[in-house]
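Remarks on the structure that follows.
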Amino acid sequence: MSRNVLASVTLAGVTALIGAGAGYWLASSDDQVSEPVASAVESDAQVLYWYDPMVPQHRFEKPGKSPFMDMDLVPRYANEDGDVATISIDAGITQNLGIRLATVSRGQLMNVTEAVGVLEYNARDVALVQARAGGFVERVYRHAPGDVLDKGAALADLLIPEWSAAQEEYLALRRIGEPALLAAARQRLRLAGMPASTISQLERSGKVNASITISTPIGGVLQELDVREGMTLAAGAPLARINGLDSVWLEVAVPEAQSQGIRVGQRATARLPALPGQLIEGEITAVLPEANAASRTLRVRVELPNPDGLLRPGLTAQASLAGGDDASVLLIPGEAVIRTGRRSLVMLAEAGGRYRPVEVETGRENGSQTVVLRGLEEGQQVVASGQFLLDSEASLRGIVAPPAASDTQHDHDHGHAQPAPALHESEGRVMALADARVKIAHGPFHTLGMPGMTMAFAVADAALLQDIEVEDRVRFAVRETDAGLLVERIQPLEKQP
């Protein structure tokens, strides 16, 4: 719903309250006034300008019909308010209207991002089983890829002929009793790929054994089994690959607009449809550096403990990621912000029950709080409930919030030039000239949806009028400002190339 339509709707609501016996609630001064607002305007008061309540930013020097709506222009009087930029409410009925205030505070914005992810194996918990020496496969135990095995589960029995000669040499040197030669023989056993357990068994039994049973070094899922009975294996040949299940990864796709503040080490929680009612606590272990160009998301990796083995890769999960920024920022309730489509406004509460619209520049949000980058100061109070009633009355009175900051200041803060404002062109005849103003009987502004009429314009630079005379036909361009249309470019038509 646009701001103008909303103004009409909320005005009707205020009228309904008045008809119900609450009386006129908007006052025109700091005094407690219970009579209609219109009574505060004296018939002989000075008229500052005329305006259309539905398009209050455009001001006219004379009364007449609005070029935007089928209605008469409304006068704005010099003494209509003690402060023409504010409106006042009788303090006795503020509570009845549901107006609630909130204080602009300074703190840290905590974000809780909800995202969906898929469980994957922990790629850091992997064991690769290889043949330490060349030999033959005598037996393969009955396992297949996908089996969940305990640590130490047997995979295959290998016969390694090279070990027989090395073991016989070691036993012979032990009988001689030469310590130096015996140490060299032991080293040869290790270099042949014989594990320490096999060497110890040889020393205890004194018998040659060239067979070895290959077992799993960790518990987990058997991903690959590349060995068959009767095969000949070379040293270093891969036999099996096992993925541990003590922990799993949850790969979450986070929209790039919500990724700010998510860091490694933060806590996360996961809920799985396969495990209803269970909330699993985990930790963010990585925010991957590459974004998905198609979905505009970042991959965030959450490590979840899996002591019972219930978390299986491939399951989906809903993750809640708690992110935050250590910087201290100004915060207001998100409900206090009025978004018009072109800018954001709040109703600032001042002493004596007075309120005025203020333009603000907002930053990140977390659903309940919004960061204010410009326009407010810590300790000020804004309207968090009932602000649309006040904004509607401000619009009907032609009260327009000034910009949050000048274009120059905005450029300085952000370190780069801002886009030039849009210009709207038309043609017409000059009717009068005075200082930095020009009155033109012009045709329609098609880009504004504004019909042709005669009206006075302020000029951005008086030098633009040096070559302009009354009765000249001109082509000119204007831009929208809070004070009305401002001429940025004007040129006589006969002087155009």
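The values are calculated or read from the model by the stated rules, or taken from the named source; none is laboratory data. Owing to the predicted nature of the structure, the values given are computational and were not obtained by experimental measurement. Because the Cβ atoms are built from the backbone with ideal geometry, glycine has one as well, and the counts that use them run over all protein chains shown.
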Practice item. Kindly establish whether residue 291 is of a type outside the set (Lys, Arg), surrounded by fewer than 18 Cβ atoms within 10 Å (Cβ to Cβ) and touching a helix residue (DSSP H, G or I) at 6+ places or on another chain (Cβ under 7 Å). Key: yes
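For the stretch 439-454, does any single residue satisfy the condition of being of a type in the set (Lys, Arg) and either at positive phi or modelled with pLDDT of 65 or more (or both)?
Yes.
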Point to revise | residue 262 among the aliphatic types (A, V, I, L, M), over 24 Å from residue 125 (Cα atoms) and crowded, with 17+ Cβ neighbours inside 10 Å | key: yes
Point to revise | Matching residues, the stretch 234-259, being modelled with pLDDT of 90 or more, of a type in the set (Gly, Ala, Ser) and exposed (fewer than 14 other Cβ atoms within 10 Å of the Cβ) | key: 234
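Every residue, every condition in (1) within 17 Å of the chain's Cα centre (by Cα); (2) buried (at least 17 other Cβ atoms within 10 Å of the Cβ); (3) part of a loop (DSSP other than H, G, I, E, B), yes or no:
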position	(1), (2), (3)
281	no, no, no
302	no, yes, no
363	yes, no, no
377	no, no, yes
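Per-residue answers, yes or no, for (1) more than 41 Å from the chain's Cα centre (by Cα); (2) closer than 30 Å to residue 295 by Cβ; (3) part of a loop (DSSP other than H, G, I, E, B); (4) not assigned by TED's automatic domain parsing to the domain that holds residue 172:
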position	(1), (2), (3), (4)
203	yes, no, no, no
209	yes, no, yes, no
214	yes, no, no, no
218	yes, no, yes, no
227	yes, no, yes, no
250	no, yes, no, yes
254	no, yes, no, yes
268	no, yes, no, yes
Exercise for review: Given the conditions (1) surrounded by fewer than 21 Cβ atoms within 10 Å (Cβ to Cβ); (2) not basic (Lys, Arg); (3) not in a strand (DSSP E or B), report the number of the one that residue 311 does not fulfil.
Suggested key: (1)
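Of a type in the set (A, V, I, L, M, F, W, C), free of Cβ contacts under 8 Å to residues at least 24 places away in the same chain and surrounded by fewer than 15 Cβ atoms within 10 Å (Cβ to Cβ): which single residue out of 274, 286 fits that description?
Just one listed residue meets the conditions, 286.
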Review point. When the residues of the stretch 229-244 are filtered to those that are outside any loop (DSSP other than H, G, I, E, B) and not small (Gly, Ala, Ser), which remaining residue is farthest from residue 128 (Cα to Cα)?
Key: 232
Exercise for review: Being assigned to a loop (DSSP other than H, G, I, E, B) and in contact (Cβ under 8 Å) with a residue 40 or more places away in the chain is the filter; apply it to the stretch 256-266 and report the residue that is nearest to residue 153 (Cα to Cα).
Suggested key: 266
Exercise for review: Tell me, yes or no, whether the stretch 324-345 has at least one residue that is hydroxyl-bearing (Ser, Thr, Tyr), in a strand (DSSP E or B) and outside the structural domain of residue 275 (by TED's automatic domain parsing).
Suggested key: yes
